[in-house]
4 protein chains.
Amino acid sequence: MNSFGRVFRVQIFGESHGESVGILIDGCPPGIRVVEEDFLEDLMRRKSGDIGTTTRMESDKPIIKSGIFNEFTSGAPILIEFKNDNTRPTDYDEIKIKPRPGHADFTSYNKYMGFNDYRGGGHFSGRLTVGLVAAGVIAKKLLHPVTISAELIEAGGSNNIDEAVKNAIKIGDSIGGIIECRVTNVPISQGEPFFDSVESQISHIIFSVPAVKGIEFGAGFASARMFGSEHNDELISISGKTRSNHSGGINGGLSNGNDIVFRVAVKPASSIAKIQNTINITSGKPEKLKITGRHDSCIALRAPVVIESVTAIALADFKLLDKSFRY
Amino acid sequence: MNSFGRVFRVQIFGESHGESVGILIDGCPPGIRVVEEDFLEDLMRRKSGDIGTTTRMESDKPIIKSGIFNEFTSGAPILIEFKNDNTRPTDYDEIKIKPRPGHADFTSYNKYMGFNDYRGGGHFSGRLTVGLVAAGVIAKKLLHPVTISAELIEAGGSNNIDEAVKNAIKIGDSIGGIIECRVTNVPISQGEPFFDSVESQISHIIFSVPAVKGIEFGAGFASARMFGSEHNDELISISGKTRSNHSGGINGGLSNGNDIVFRVAVKPASSIAKIQNTINITSGKPEKLKITGRHDSCIALRAPVVIESVTAIALADFKLLDKSFRY
Amino acid sequence: MNSFGRVFRVQIFGESHGESVGILIDGCPPGIRVVEEDFLEDLMRRKSGDIGTTTRMESDKPIIKSGIFNEFTSGAPILIEFKNDNTRPTDYDEIKIKPRPGHADFTSYNKYMGFNDYRGGGHFSGRLTVGLVAAGVIAKKLLHPVTISAELIEAGGSNNIDEAVKNAIKIGDSIGGIIECRVTNVPISQGEPFFDSVESQISHIIFSVPAVKGIEFGAGFASARMFGSEHNDELISISGKTRSNHSGGINGGLSNGNDIVFRVAVKPASSIAKIQNTINITSGKPEKLKITGRHDSCIALRAPVVIESVTAIALADFKLLDKSFRY
Amino acid sequence: MNSFGRVFRVQIFGESHGESVGILIDGCPPGIRVVEEDFLEDLMRRKSGDIGTTTRMESDKPIIKSGIFNEFTSGAPILIEFKNDNTRPTDYDEIKIKPRPGHADFTSYNKYMGFNDYRGGGHFSGRLTVGLVAAGVIAKKLLHPVTISAELIEAGGSNNIDEAVKNAIKIGDSIGGIIECRVTNVPISQGEPFFDSVESQISHIIFSVPAVKGIEFGAGFASARMFGSEHNDELISISGKTRSNHSGGINGGLSNGNDIVFRVAVKPASSIAKIQNTINITSGKPEKLKITGRHDSCIALRAPVVIESVTAIALADFKLLDKSFRY
């Protein structure tokens, strides 16, 4: 559903071209200092405007409606809203009946029996990730001194990201990329077996980020090609430190005191300038579709901070849960 | 935690060398015929005994304690228990203080402050997957006519699985593998945005299966190297049928009427015959460790039916949730 | 926590003297017509201004931020906000250190380690019930043709409610009351054993309404003084109709096809004009306290519509859950 | 559903005349000493055999299947099973088609479309409360030094309980009663606003106990007849101590450091020796019904320990949740 977490819980809302989008955070402990400036850096990292990103520019000003009192979290739910200033709903009249390939247009039409807000993907839009980033800022504070750092390590199959992006723009196409995320200073034993392993919860929320199609922890898919003697990480200290880190910092679903490391595959954005084939859902006939909205050539450029943010949300919940267990 | 699902919910219990393991299923609708024979085929597929699997043999007889009445689900919780017949707890005395590399020994000791049942991994053992298979049998019935089929497509980096396994046995090492799972006849619009996308829920439960380190849907990691024009699946029928299936049957987190396809990376089993280095957790000193229990050379051989089962559990929950939404 | 429900879920937010209060509704099926006028009648019933209610007047205009598209629920989360226009935070400076008897001032100060918004009770204020009423309006639509009707049947121990209220105003004190709620046209078998009986879920949400201190279903406390032969409701029709209704329309936690009937005890509002004794939480010394804010002499006058609303929320969740179960 | 709690969670299973009943406890911290003898006293208090209780005698031996290792909780789920030794399923053939007045026979038949185990009420039987008592024993240990004490203060409308019970037996009828429960040493600020107030969670689980029809906290229904000046509890110490305790130890849904006090109304058992009227659900025709099973004349005699147990379960969850919040 539209909520995630057991104790530190986030609830997302809004549509791409509705009045606003945002996030409601429940279960956040009191006493964490939060002021508007805290959000700016991460929101800026997610923002568009750079080469390869959409020309739709939003102010992305976080409006805190509740839960912060005299600059500190009060223990009550925190509602953060972002206005949608720069909407052009008329861009989307055509997709009402001609679903865009690769988008949620067709599936959401069916899920909601035609009542969904189809404009710009509505509730399925990447626009909603702005709320995730805001919640991530608070989660990161709660996790201190844990650090979470994600970066785009490859785009369009190339490690020369700039060049790959410029090429995609030139040919009017889009490209994906691979993001690596590293979490340091994680205490041992975060995670909740059997079903809420660290991998389970992180992958759960990572796959709620639009365009993600794969995730691997530590050696990941390469593990499947290794021998056990090669893959096993030798324990060299009572603090949990291991010689290698093929497990990505997780054993038995629990953090083991080493860095948590994972990689995420982001597919190319589905909206492209090229004319595409689709079906008219009222007539059932094939149709040509030319997408006219403003879109990203490489959505993966803006995704690292989102990956960090959702990771922080998952780990904040683990942290609070683990405390509940310390009897 | 030890439960999964919103409406169709499973709760797992048991330890590898305790009295029993099993599963408690809640939210299962009444009127589904379930008899003991229904479990045999899938339990047999998970069982050990074949070349490359452990010599620990369990009868794996499902004991239904509640929730089935006159051969049908009654609507009450279904408890299925499996006795642990073939335990040898003394095999594990050493690991109490010398954590096995790659295992949950070290992390679970820290998580539970030394109170955990360490014998054979205790609650973290692959033994617990027998309960998942039992729940999967019921979930598959509930999903009819959906079919779920997983197979090992690669082991030890080779497509010649037999040979790879024999080699691993010969050298006293373990190997991993890659499993592909395909789900057919899925209705359009299963899945719950924003956070409970089909990928989110499936990956969540897949990563609770011991030894899984990666998952990708459709083109997965290869998506990150494709152009949008190449990746987008062209819609060719009002039933949702697309020309290609790079999205793995999922758009916007919702099933789109095509086969759901994903691949899972299984690491090599951590228990190997070779002597390994570890730390003594009481003295903090390095130690040599020789693992003497009975173990699998290629745990991935037994995993496909587990992958199918947990997929069925996730999809059964989606099915019931989707019905609740049809107002 | 600040959320309620399994499928039809509400999440409440806001503080009495913060920027706004409101509700976020998730899991609401698409296709329910909702326009602003739909809220007016129930919001008006909750409003203050009549004799015996506070002179704090709020416009109580529902601002729909998301989830309604072209006048229908879209299937996405519905955020409804109410601005706090008529706040006077300075009324509350004194209670920061002198907790008002009967209020949450002392407990919330301790719960949130002094970080809570203490102004007017903050997140604990009856002001938040405006969001419950808004969610109730949508839940009532979803429940059609079920009707829910609550009324104040007694105030200050008297059935002459007007007179009791006038007397309370005259003497500068407050009074409580008893509200009876009746639900008609409930289908048989709403409710979820074992723990989510109809009584369990209704009482759960009823006790989240400030000032409620008791609830009884059907004959309630009088049942404890009846013989079984007297209490048992004789079944007279295959539709579930019974001759009497001592069970209040619920057997085994499930609706039985008769009216669901329950009564709720509302205590007198804690804020009174009279000078009271309390403790200074910084010095630990006894203090006199004169409460100067604007308050209700008989809060129970405004509560019936809130009782209806939360009942509707609980029953809406049961309705959707019951559908999920119909395999 | 059949589970309760956010962190300390119980899942109930079983049917009155099936193989067994029991409880699965998840989220219990490790390191709590639990041996079989710990259960005996509370199980004995719930047991039948005394005058006024059923002649169905069960051994009520708790069989611990998992989660306890070397006499301590291990952090893994705790499964406790109770065999049903003394079943007489043939006693219940008639009720399959002739629902007993006041029982769940009619509602459960409808809920589960005839697939429910109808023998002795099946999953709706008071038999299942044995599992609650077992979970309560562990919850009480976790809550130390909190004490929970419930007693029957009235039966059949009389404070002379023995006499009332003897009279009920003599006339072949059943009687109800009122139970008062008092909890001491509760820390300040247990409880989770807005929806999970102490009253909300306690009432939720109390109403899952069969035969409960009302609950009131502190002055309860009498509050509705008091003035605010009378009802308000004067704070006399910085530890939260108040002069009176009309609020029952709870303000704003949070414990205030005084005893939590509440009363529960238990209706008379529905099964009575007298011939009653009902409907044949196959023919729709009126029928006479003579209930032949073994039953309780005053079920309330056995209920106090169950009330204590479920209260302990609710408070254990609050305790762990409150710890998670202490950042």
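Values quoted throughout were computed directly from the atomic coordinates according to the rules given, and no laboratory measurement underlies them. Here the structure is a predicted model, which means the values were calculated and not measured. Neighbour counts are summed over all protein chains in view; Cβ atoms, including those assigned to glycine, are modelled from backbone coordinates with ideal geometry.
Collect residues whose amide H, placed 1.01 Å from N in the peptide plane, falls under 5 Å from the amide H of residue D:189; neighbours closer than 5 in sequence don't count.
Distant-sequence amide H within range of residue D:189: D:255, D:256, D:257.
Under the Karplus relation 6.51 cos²θ - 1.76 cosθ + 1.60, θ = phi - 60°, what is the ordered set of whole-Hz ³J(HN,Hα) values for the stretch A:169-186, x standing for Gly and Pro?
4, 4, 8, x, 10, 10, 10, x, x, 10, 10, 10, 10, 10, 10, 10, 6, 6
If each of residue B:185 and residue B:41 carries a label point 7 Å out from its Cα toward its Cβ, how far apart are those two points in nm?
1.2 nm
In whole angstrom, how far apart do the alpha carbon centroids of the stretch C:45-59 and the stretch C:135-214 sit?
19 Å
Calculate the mean, over all residues of peptide B:175-186, of how many other protein chain Cβ atoms lie within 10 angstrom of the residue's Cβ.
2
Say R0 is 51 Å: what FRET efficiency, to the nearest 0.05, do residue A:275 and residue C:280 get from their beta-carbon distance?
0.10
Quick one: if you stick a label point 7 Å off each Cα along the C-beta vector at residue B:50 and residue D:290, how many nm between them?
Using points 7 Å along Cα→Cβ, the separation is 6.2 nm.
Along Cα→Cβ, 7 Å out, is where each label goes; now give me the distance between the ones at residue A:141 and residue C:19 in nm to one decimal.
1.5 nm
If you plug each phi of the stretch A:239-244 into the Karplus form 6.51 cos²θ - 1.76 cosθ + 1.60 with θ = phi - 60°, what whole-Hz ³J(HN,Hα) values come out, in order, with x for Gly and Pro?
3J(HN,Hα) across the stretch A:239-244, in whole Hz: 7, x, 4, 10, 5, 10.
Can you tell which of C:77, C:325, C:187 lies farthest toward the positive end of the dipole of chain C, using +1 and -1 charges on the Cβ of basic and acidic side chains (Lys, Arg; Asp, Glu)?
C:77
Nearest 10 degrees, 0 to 90: what angle lies between the long axis of helix B:129-143 and the longest principal axis of chain B (Cα atoms)?
Roughly 10 degrees, rounded to the nearest 10.
Per DSSP H run of at least 4 residues, take -39500 (n - 2.57); add these up for the protein assembly as shown, divide by its residues and hand me the 222 nm value, nearest 500 deg cm²/dmol.
It comes out at -7000 deg cm²/dmol, rounded to the nearest 500.
Going down the table (A:267/B:241; B:141/B:319; D:83/D:111), which pairs top 18 Å between alpha carbons?
Among A:267/B:241; B:141/B:319; D:83/D:111, the Cα-Cα distance tops 18 Å for A:267/B:241; D:83/D:111.
How high is the FRET efficiency from residue C:230 to residue C:160, r the C-beta distance, R0 30 Å, rounded to 0.05?
0.45
In what sequence do C:271, D:244 fall when counting other Cβ within 10 Å, fewest first?
In increasing order of surrounding Cβ atoms, one gets D:244, C:271.
Taking H as built 1.01 Å from N, whose amide H comes closer than 5 Å to the amide H of residue D:15, not counting residues under 5 places away?
Here D:20 satisfy the definition.
Ordered by residue, what ³J(HN,Hα) values in Hz, to whole numbers, does the stretch D:275-289 give under the Karplus form 6.51 cos²θ - 1.76 cosθ + 1.60, where θ = phi - 60° and Gly and Pro are x?
3J(HN,Hα) across the stretch D:275-289, in whole Hz: 6, 10, 8, 8, 10, 7, 6, 8, 9, x, 8, x, 9, 8, 9.
Taking chain A, how much of its Cα-Cα pair set, in percent, is spaced more than 36 angstrom apart?
23 percent
How high is the relative contact order of chain C, in percent, with contacts defined as C-alpha pairs under 8 Å that are six or more residues apart?
After rounding, I find 23 percent.
Which residue fluctuates most in the GNM of chain A (Cα springs below 10 Å): A:270, A:247, A:237?
Most flexible of the set in this elastic network: A:237.
What is the helix-to-structure angle for B:304-325, meaning the angle in degrees between its Cα long axis and the longest Cα principal axis of chain B, kept from 0 to 90 and rounded to the nearest 10?
Taking Cα atoms only, the helix is inclined about 40 degrees.
For residue D:34, enumerate residues with amide H under 5 Å from its amide H, sequence gap 5+ or separate chain, H modeled in the peptide plane.
Under 5 Å from the amide H of residue D:34 lie the amide H atoms of D:72, D:73, each far enough along the sequence or on another chain.
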